[in-house]
Amino acid sequence: MRVALAQISSHLGELRKNLDLHLETIEKARRGKAHLVIFPELSLTGYTLMDLVPEVALDPARHPVFQKIVAASRTIDLVLGFVEERGKGLFYNSAAYLSRGRISHIHRKVFLPTGGMFEEAKFFAPGKAFGTFATSFGNAGLMVCRDFLHYGAGYLLFAGGADLVIVISAAPGRGMTAGPVFATSRMWELMGEAISFFSTTFVIYCNRVGFEDGKAFAGGSFIFGPSGRRLVKAPETEEKLVLADLRLDDIRAARKKWTFLRDDRPEVILRSLERIIGDDGD
Amino acid sequence: MMEIDAAFVAKVLCAFIREELHKFGFHKGILGFSGGLDSSVCAALAARALGGKNVLGMILPYKDTYSDDVEDAQALARKLGVRTRLIDISPMVDAYFARYPTEDRKRIGNKMARERMAILYDHSIPEKGLILGTSNKTELLTGYGTIHGDMACAINPLGDLYKTQVRALGTHLRLPARILKKAPTAGLWPGQTDEGEIGLKYSEIDAILYELVDERRPAEEVIASGFNKDSVKKIEALIIRSEFKRKMPPIAKISARTVGHDFLYPYDRNR
């Protein structure tokens, strides 16, 4: 299968402009013979929304902009980020997997970074679940940015039988290093390497670029194979559509070698967690 | 870490200048160009980001107090292909102090900084350009700048770099040795230097700021790790005392939704 990582820079608070950007990028990926295009976190709206959240929130089943993207998924699978409104007035930082002109799965960001430069929990409601779902390429699981840095989330997708872990991100670069990358870029790759190896899955990470209010989104999107080998890495901070070919047979090959999935004991994990939660005296 | 990969930082800052200006529909940058290190680095970055002809370096001396600096600025501008405009601010400043005389060097210095700000902002209209700030992280944290004067700008590419890092960037950008070696000065009066006025070397100030701010270590711990106690205390006091220069002024909250409190939009709203 061929994956396209769309390392784009969205327009803050501009659904229509971002719709055009998505459709153009999808067209480019289609010409590049990609089967799946991954867009970054909140790709349809931009990231630093604050009080713009209710203004760009949408119901994916009904909103005309979202429906245009759903229609574009008839011949190519898509993952994108958007602000989802459920019921009336509950807003989520969501990721959708679209395929064959339908919404296959929606993941709502569970871990909303709030502290330091981040204030997501001021504006979003937290999601409550990590789940896997079937795609034409195998079982997939979605995460949004900070979700990925909580390794329990990675475990849940592993235990749920994910073959592809797809992470969409709007991670600003922070901290200097001796080389031409932000210090935080290593953090994302570290988790990518660990999760791909110990879960024997592909890890596909798409981060955005561009600036919002002085923050530089770091790009550096990557894919790790199920043996923990990095297959592709997009440039730091530059707009780019990266195409990569994945050999899905590598999943089976990795699981023959390392039987982490066969040997997993989710019931032990669950019982232990229940005990830990029960012990919580606060 | 304190060390920077100057080529990477230059790339990020050039993209920042270009993208922020373009988002707001501008193609030109204007800056106060003293011929000192910060404004020279800013001019070089802007020239790289926007093209020299889209950068206007405003050289704004008071009489001929700093003729060497003016020459340095002009020479660098030629090298960078940056346009310059030279305006002597002494008639405006002198006119004011002729009516309201003072010997207070701080008042005179602040007036000059604000006069320059007023000229920059005035030129931003006919030039259709935005003001590029040149205050570095050391100045912003210690409050070593004139509020609504040299601190005023539309965007600031240098505000997260300590003075010593700005110098490393200047070396990477191949600025003339004369500029790189210059003793930093706010130019408030002849012979003034930042280090002389603060009473500490920039290398020491920056190292202490890095520990207090970037590493977020308590002052006692920084002192215990070997830094001079008086220097650490002095810098900590400067940071606390200058908070107002880094914030929008507080607005008295009356209504349910108030600017600066809970009317929360990004600067780059709908861009």
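Worth pointing out:
- Using a Gaussian network model of chain A in which every pair of alpha carbons under 10 angstrom is joined by a spring, one finds that among A:Thr259, A:Thr25, A:Thr132 the greatest mean-square fluctuation is at A:Thr259.
- Between region B:170-236 and region B:1-41, the alpha-carbon center distance in angstrom: 22 Å
- When A:His11, B:His172 are arranged by Cβ crowding within 10 Å, least crowded first, meaning fewest neighbours, the order is B:His172, A:His11.
- Mean-position separation - Cα centroids, region A:60-77 and region A:151-209, in angstrom: 27 Å
- Per-residue Cβ neighbour rank within 10 angstrom, fewest leading, A:Lys33, B:Lys11, B:Lys247: B:Lys247, A:Lys33, B:Lys11
- Extension gain, A:Asp20 back to A:Ser272 (0.36 nm per residue minus Cα-Cα distance, nm): 85.9 nm
- Those lysines that a straight Cα-Cα span of less than 29 Å connects to A:Lys233, excepting residues fewer than 8 apart in one chain: A:Lys17, A:Lys28, A:Lys33, A:Lys109, A:Lys215, A:Lys256, A:Lys257, B:Lys11, B:Lys23
- Cut-off 14 Å between beta-carbons: net charge of the residues surrounding A:Ala61, Lys and Arg +1, Asp and Glu -1: +1
- As a rough footprinting exposure proxy, the listed residues B:Glu211, B:Glu139 were ranked by other beta carbons within 10 Å of their own, and the order from fewest upward is B:Glu211, B:Glu139.
- Dipole in debye (nearest 20) - region A:2-279, about Cα centre, beta carbon charges: Lys, Arg +1; Asp, Glu -1: 820 debye
- Exposed chymotrypsin sites (Phe, Trp or Tyr not before Pro) absent: longest stretch of chain B, with sites in DSSP loops and at most 15 other Cβ within 10 Å deemed exposed: B:25-266
- Rounded, prolate or oblate (a/c below 1.5 giving rounded, otherwise prolate when a/b exceeds b/c) for the protein assembly as shown by Cα gyration tensor: prolate
- Within region A:243-282, backbone nitrogen closer than 18 Å to the virtual label 7 Å beyond the Cα of A:Lys33 toward Cβ: A:243-249
- Taking a ≥ b ≥ c as the square roots of the eigenvalues of the alpha-carbon gyration tensor, region B:185-262 is classed oblate because a/c is 1.5 or more while a/b is no larger than b/c.
- Of A:Met143, A:Met191, A:Met50, the one that fluctuates the most in a GNM where chain A has Cα springs shorter than 10 Å: A:Met50
- About its Cα centre, region B:31-101 has a charge dipole of approximately 420 debye under the convention of +1 per Lys or Arg Cβ and -1 per Asp or Glu Cβ, with nothing else charged.
- Listed values for region A:165-173 are Karplus-derived 3J(HN,Hα) couplings in whole Hz (6.51 cos²θ - 1.76 cosθ + 1.60, θ = phi - 60°), namely 9, 10, 10, 10, 9, 9, 9, x, x, and x replaces Gly and Pro.
- In summary, the aspartates and glutamates within cross-link reach of B:Lys247, defined as a Cα separation below 16 angstrom excluding same-chain residues under 8 places away, comprise A:Asp213, B:Glu139, B:Asp150, B:Asp160, B:Asp262.
- Look at the stretch B:15-21: the mean tally of other chain Cβ atoms within 10 Å of its residues' Cβ atoms is 4.
- Separation of region A:98-143 and region A:31-48, taken as the distance between their Cα centroids, equals 14 angstrom.
- Here the Karplus curve 6.51 cos²θ - 1.76 cosθ + 1.60, taken at θ = phi - 60°, turns the phi angles of region A:73-86 into couplings of 8, 4, 10, 8, 6, 9, 10, 8, x, 7, 8, 9, 9, 10 Hz, with x standing for Gly and Pro.
- Cα gyration tensor shape of region B:6-187, rounded if a/c is under 1.5, else prolate or oblate by comparing a/b with b/c: prolate
- Of B:Lys201/B:Lys234; A:Lys88/A:Lys122; B:Lys111/B:Lys233; B:Lys163/B:Lys234; B:Lys79/B:Lys181, pairs whose Cα-Cα distance is over 20 Å: B:Lys111/B:Lys233
- In this Cβ point-charge picture (+1 for Lys and Arg, -1 for Asp and Glu), the protein assembly as shown has a dipole of about 1500 debye about its Cα centre.
No value in this document is a laboratory result; all are computed from the given coordinates. Since we're looking at a predicted model, the values are computed, not measured. Positions of Cβ are generated from backbone atoms using ideal geometry, with glycine treated the same way; all protein chains shown enter the neighbour counts.
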